[in-house]
Amino acid sequence: MNRTVTPLGTPRRATRALHTIAAVAALFCALPAMASPITFETQVPNALLNGESISEGGYEMLVLASPIAAELGLFGSFGAVANPKDPETCFAIGCPAGASGHFLAIINDGGVKFTRAGQQFQLGSLSLAFLPPISVPDGDYGLLQFSGIRGDGTVVSSTAAFPGQTGNGSFTFGSALIDQKFRNEVLTSLTVNACLFDGNGGCFNSLANPAQGKAQFALDNISFNAVPEPGSFLLVGLGIGAIGLTRRRSKASASTPATI
């Protein structure tokens with residue numbers, strides 16, 4: 001007597017399940033991963049010289065000198081991890097309103113360079129504020145500048161406007177409005193500095209046109225998307241292929257009943 005049964009629980013069915021799990025795992029491994037924001041809460045408040053770096057969340061942050069200091073090979077204080085509850089720090093650099101905790105201050109026309117152990121990443125979001133060395137009126141005073149290096153060595157750039165002032169004249173933190181095209185760029189490094197408007201449609205902070213110590217800014221709550229190495233994307237293709245093969249085999253098995 002012959003009867004047909006569905007071959008449940010066979011080694012072949014278990015193998016197909018393992019293939020599917022492996023394929024899905026490959027897909028997840030190759031997706032960009034967003035780490036926790038860099039908040040600087042683990043950093044000890046302190047002045048930072050150009051050439052010094054701090055690290056958090058797998059990212060290195062190298063403090064850069066102003067264009068003039070870099071040209072002359074000078075060293076000085078171009079950054080600081082600041083505590084907004086410290087009156088001495090806030091008297092010296094003018095802490096922005098709205099700081100949730102420690103933040104990174106870049107002063108004296110300096111900059112900061114972000115890297116991730118030689119690996120690639122995308123800029124997610126950040127909070128920024130203008131740091132005026134002297135009392136300035138609210139309005140258009142400058143921009144935050146982004147300069148990224150792609151894996152092939154080419155340079156891409158973008159800018160973000162600073163938030164304004166509170167009613168009592170204090171500058172305040174706000175979310176950076178970053179161009180989506182720049183946010184989609186896959187980078188090996190990202191340099192951030194500030195420039196000042198010249199009143200003629202330009203924004204300056206260079207060796208030829210220095211900002212005279214007024215291009216200062218603060219950063220906080222920085223998020224990046226870690227991008228897998230190119231070899232990881234091969235796993236995506238293998239994973240998709242494995243899923244497709246598993247589905248085809250599953251359909252073929254379902255249409256061919258076993259006889260006992």
Across the stretch 84-129, what is the total count of residues that are touching a helix residue (DSSP H, G or I) at 6+ places or on another chain (Cβ under 6 Å) and surrounded by fewer than 20 Cβ atoms within 10 Å (Cβ to Cβ)? 0
So, in the stretch 60-72, exactly how many residues are of a type outside the set (D, E, K, R), closer than 28 Å to residue 101 by Cα and surrounded by fewer than 20 Cβ atoms within 10 Å (Cβ to Cβ)? 1
Check the stretch 88-97 and report whether any residue there is in the same structural domain as residue 165 (by TED's automatic domain parsing), in contact with a Leu (Cβ under 6 Å, 6 or more places away or on another chain) and part of a strand (DSSP E or B). no
If I filter the stretch 111-145 down to residues being under 19 Å from the mean Cα position of the chain (by Cα) and not in a strand (DSSP E or B), which single residue comes out as modelled with the highest pLDDT? 117
The lone condition residue 200 fails out of (1) out of contact with any Lys or Arg (no Cβ under 8 Å at 6 or more places or on another chain); (2) modelled with pLDDT of 95 or more; (3) in a loop (DSSP other than H, G, I, E, B) is (2)
May I ask you to list the residues in the stretch 162-201 that are in contact (Cβ under 8 Å) with a residue 40 or more places away in the chain, surrounded by 20 or more Cβ atoms within 10 Å (Cβ to Cβ) and touching a Ser or Thr at 6+ places or on another chain (Cβ under 6 Å)? 173
Could you tell me how many of the residues in the stretch 46-56 are assigned to a loop (DSSP other than H, G, I, E, B) and crowded, with 16+ Cβ neighbours inside 10 Å? 1
Spot the failing condition for residue 75; the list is (1) over 22 Å from residue 56 (Cα atoms); (2) crowded, with 19+ Cβ neighbours inside 10 Å, and only one is missed. (2)
Scan (1) surrounded by fewer than 19 Cβ atoms within 10 Å (Cβ to Cβ); (2) modelled with pLDDT of 95 or more; (3) in contact with an Asp or Glu (Cβ under 8 Å, 6 or more places away or on another chain) for the single condition residue 213 breaks and write down its number. (2)
Pairs where the first residue, in the stretch 134-158, is surrounded by 14 or more Cβ atoms within 10 Å (Cβ to Cβ) and the second is outside any strand (DSSP E or B) and modelled with pLDDT under 90, C-beta under 9 Å, 6+ apart: 141/132
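The values are calculated or read from the model by the stated rules, or taken from the named source; none is laboratory data. These numbers were taken from a predicted model, which means no experiment stands behind them. Cβ coordinates were reconstructed from backbone atoms using ideal geometry, including for glycine residues, and neighbour counts include every protein chain displayed.
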